[in-house]
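The values are calculated or read from the model by the stated rules, or taken from the named source; none is laboratory data. Here the structure is a predicted model, which is why all the values come from computation and not from measurement. Cβ coordinates were reconstructed from backbone atoms using ideal geometry, including for glycine residues, and neighbour counts include every protein chain displayed.
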Amino acid sequence: MKKTMKALLDELFGTDAKKANAANDALAKRGVTTAADANAVLDALSRAVTPVEGVYFSAKGALLAALQAWEGDAVRAVLRERGTQSLINAYPTLDDDDKAFALKILGTFGTRESLGFVAETIKAKDGPKDYWVSVALGAIDAKTRNADVLFPALTPALGYKDFRAVAVLDLANRLALADNLAIHPGAEHLERLRGFLSAKKSSEYSHAVSAALALAFVPGKAAEKLLLGAEAHPDTNVRLEAMFALARRGHPGSDDKLVQAALDPATSELAVAYLEELGKGHLVPEQVAEPVFAATAQMISWLAHPMEFGRAPEAIELWDRRTIHWPPTDDERELFLFRFSYPKTKTAAASTGVGLVGSVTFSLAGDARPDPRGTPEDALARHCVWELEHNEDPRAGDGSLEVGRRLLGFKQTRKKRER
């Protein structure tokens, strides 16, 4: 018989490690789907936690995870009625990681009380200072009706020398883009924005992007001067953000600069997105829609993502273009293979690679990496098998190159035929 939520929570907070661990797993699968379960979980937030050897989780963190995975109108009603206060009351008893989790959940609640608590907690001098502040503030709906609770309350945090400044700036930018912010806090912290834009470390260039966007909403010549200077920033994304911000302010010639950026495969995708966001999609050049250009721009955009190479390649060339039946999607599609290279830097060795556009845009690495000196057929076979594995498709077999070649109808390699 299925255990009641109360019985499950008793084991979760109990002294039997085996039962507690099993209860944690069961709670993660069960979630919160009834009003009774919601009330039980909220009540458990006030329980004391007894350290037990062999317990591998945070009991209150498990409750927070369950609250985040709620379902149904009945649960929504309970959370609306008492969820905010229950979390606020429990907050002092949570460890640092669970506090960050609680702030995120309070952000999603979006009530005046929950957002007020989030703002007061984050702006406090001894408040949370790490990346999780961004996660908590990122959970807030940009169209919230309670934006006035967040600003100007959070404005002082822009002056802090920790991660809160960037997280608060990003929240303000999201609200401003949604036309949901009366006065942008950047107006009171121009020197801080100047500091973000002048940072020399590449790891801080994302902060400069945030600062450039903020200046789109700060009136006055001083803000415009900072943006004009940012057009010469060493980072491509900062330069494009400055162009967008200037265009949003109506600065003469900024639209033309975005159009020119759209004609460069290395900047095209972002420039087009900015033009469309500005309501000027009609200015996008026809060349951007040409298949090879569009595929090249997409490949470069993927390679330049911070989780990949973080910058555009030094060189890129179209290696192969063909329309074939693609097993991972079970349809006919046009695929583009690109070979690219990156020069040696102080922190990374020179590298070459192969990327595919037309299905899942990707460039394989490690043992699965296709040889740029090999054949396009081998590269396609590698990508085919990888994508099947990614989809948990049994046709991937042992993940070998030969499986991919067979599925694509290519001849087997000579080594395979001679066996």
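Here Q412 meets each of (1) in contact with an Asp or Glu (Cβ under 8 Å, 6 or more places away or on another chain); (2) surrounded by 15 or more Cβ atoms within 10 Å (Cβ to Cβ); (3) assigned to a loop (DSSP other than H, G, I, E, B) with one exception, condition (2). Taken over the range 200-216, the criterion of being of a type outside the set (A, V, I, L, M) and either in contact (Cβ under 8 Å) with a residue 60 or more places away in the chain or farther than 12 Å from D170 by Cα (or both) is satisfied by K200, K201, S202, S203, E204, Y205, S206. For K143, the requirement of being assigned to a loop (DSSP other than H, G, I, E, B) and free of Cβ contacts under 8 Å to residues at least 12 places away in the same chain is not met. Looking across I140, I88, one residue alone is over 14 Å from L171 (Cβ atoms) and among the hydrophobic types (A, V, I, L, M, F, W, C). It is I88. For the range 318-335, what are the residues that are surrounded by 12 or more Cβ atoms within 10 Å (Cβ to Cβ) and either of a type outside the set (A, V, I, L, M) or out of contact with any Leu (no Cβ under 8 Å at 6 or more places or on another chain) (or both)? Result: W319, D320, R321, R322, H325, W326, P327, P328, T329, R333, E334.
Checked against (1) within 22 Å of the chain's Cα centre (by Cα); (2) buried (at least 16 other Cβ atoms within 10 Å of the Cβ); (3) without any contact (Cβ under 8 Å) to a residue 60 or more places away in the chain, L177 meets all criteria but (2).
Within the range 1-35, the set of residues being out of contact with any Lys or Arg (no Cβ under 8 Å at 6 or more places or on another chain), of a type in the set (G, A, S) and either within 18 Å of G61 (Cβ to Cβ) or without any contact (Cβ under 8 Å) to a residue 24 or more places away in the chain (or both) comprises A7, G14, A17, A20, A22, A23, A28, G31. Taken across the range 67-78, residues that are surrounded by 15 or more Cβ atoms within 10 Å (Cβ to Cβ), acidic (D, E) and within 30 Å of G14 (Cα to Cα) do not occur at all.
Within the range 32-60, being closer than 13 Å to L9 by Cα, buried (at least 17 other Cβ atoms within 10 Å of the Cβ) and either of a type outside the set (V, I, T) or at pLDDT below 90 (or both) holds for D37, A38, N39, A40, L42, A44, L45, S58, A59, K60. Among the residues of the range 18-34, which ones are under 17 Å from Q68 (Cβ atoms) and part of a helix (DSSP H, G or I)? Selection gives N24, D25, A26, L27, A28, K29, R30. In this structure, is T375 of a type in the set (S, T, N, Q), more than 16 Å from A315 (Cβ to Cβ) and exposed (fewer than 14 other Cβ atoms within 10 Å of the Cβ)? No, not satisfied. Within the range 340-361, being within 21 Å of L388 (Cα to Cα), small (G, A, S), without any contact (Cβ under 8 Å) to a residue 60 or more places away in the chain and assigned to a loop (DSSP other than H, G, I, E, B) holds for one residue alone: S359.
When only residues in the range 317-339 that are of a type in the set (A, V, I, L, M) and in contact (Cβ under 8 Å) with a residue 40 or more places away in the chain count, which is nearest to P372 (Cα to Cα)?
To start, the set of residues in the range 317-339 that are of a type in the set (A, V, I, L, M) comprises 318, 324, 335, 337.
Filter once more, keeping what is in contact (Cβ under 8 Å) with a residue 40 or more places away in the chain: 324, 335, 337.
Details: I324: 21, L335: 17, L337: 10 Å.
Residue satisfying both the conditions and the ranking: L337.
Looking at A167, A187, A176, just one residue is in a helix (DSSP H, G or I) and touching a Phe, Trp or Tyr at 6+ places or on another chain (Cβ under 6 Å), and that residue is A176. The set of residues from the range 253-306 being more than 26 Å from the chain's Cα centre (by Cα) and hydroxyl-bearing (S, T, Y) comprises just one member, S254. Total residues in the range 110-122 satisfying the condition of being surrounded by fewer than 18 Cβ atoms within 10 Å (Cβ to Cβ) and either closer than 15 Å to K99 by Cβ or without any contact (Cβ under 8 Å) to a residue 24 or more places away in the chain (or both): the figure is 1.
Across the range 46-67, not a single residue is classified as of a type in the set (S, T, N, Q) and within 23 Å of I140 (Cβ to Cβ).
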